[in-house]
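Data block below; observations after.
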Amino acid sequence: MHIILNGEPAELHGATLADLIAQAAPQKPFAVAVNTEFVAKSAYAQTRLHENDKIDIVRPVVGG
């Protein structure tokens with residue numbers, strides 16, 4: 001399935017956000033938004049992705 005991951009085209013080998021996290025293996029800590037909607041970690045396995053969904057995996061910015 002084709003998705004947009006952090007603004008770049010990507011191929012997802014799976015169907016859920018948990019599959020994408022396993023595939024991308026982002027460095028912790030991180031937060032995830034699907035089509036600009038924040039997704040709680042507890043919902044990754046139940047969040048089904050669809051063709052051309054826009055997923056952003058971001059790391060928090062620390063400092064002041």
Among the small types (Gly, Ala, Ser), surrounded by 10 or more Cβ atoms within 10 Å (Cβ to Cβ) and in contact (Cβ under 8 Å) with a residue 12 or more places away in the chain: does that describe Ala22?
no
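I'd like the full set of residues that are open to solvent by 100 Å² or more (accessible area, probe 1.4 Å) and not polar (S, T, N, Q), limited to segment 52-62.
Arg59, Val61, Val62
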So in segment 41-51, with the set limited to residues that are touching a residue at least 24 places away in the same chain (Cβ under 8 Å) and polar (S, T, N, Q), which one is surrounded by the most Cβ atoms within 10 Å (Cβ to Cβ)?
Thr47
Within segment 25-35, can you find the residues that are closer than 19 Å to Asn52 by Cβ and touching a residue at least 24 places away in the same chain (Cβ under 8 Å)?
Val32, Ala33
What about Lys54, is it out of contact with any helix residue (DSSP H, G or I) (no Cβ under 7 Å at 6 or more places or on another chain), modelled with pLDDT under 95 and not aliphatic (A, V, I, L, M)?
no
Consider Phe38 carefully, then state whether it is open to solvent by 80 Å² or more (accessible area, probe 1.4 Å), hydrophobic (A, V, I, L, M, F, W, C) and either at pLDDT 95 or above or in contact with a Ser or Thr (Cβ under 6 Å, 6 or more places away or on another chain) (or both).
yes
Yes/no for Asn6 being of a type in the set (S, T, N, Q) and in contact (Cβ under 8 Å) with a residue 40 or more places away in the chain
yes
I'd like to check which strands (runs of 3 or more DSSP E) are fully inside segment 4-64 and have at least 2 residues that are not hydrophobic (A, V, I, L, M, F, W, C).
8-11, 54-58
Within the bounds of segment 20-43, is there any residue that is charged (D, E, K, R) and touching a Leu at 6+ places or on another chain (Cβ under 8 Å)?
no
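The values are calculated or read from the model by the stated rules, or taken from the named source; none is laboratory data. If you're wondering where the values come from, they're calculated on a predicted model, not measured in any experiment. Using ideal geometry, Cβ is built from the backbone for each residue, glycine included, and neighbour counts are taken over all protein chains shown. Surface accessibility is based on the protein's heavy atoms, side chains included, excluding ligands, DNA and RNA. Shrake-Rupley method; radii C 1.70, N 1.55, O 1.52, S 1.80 Å.
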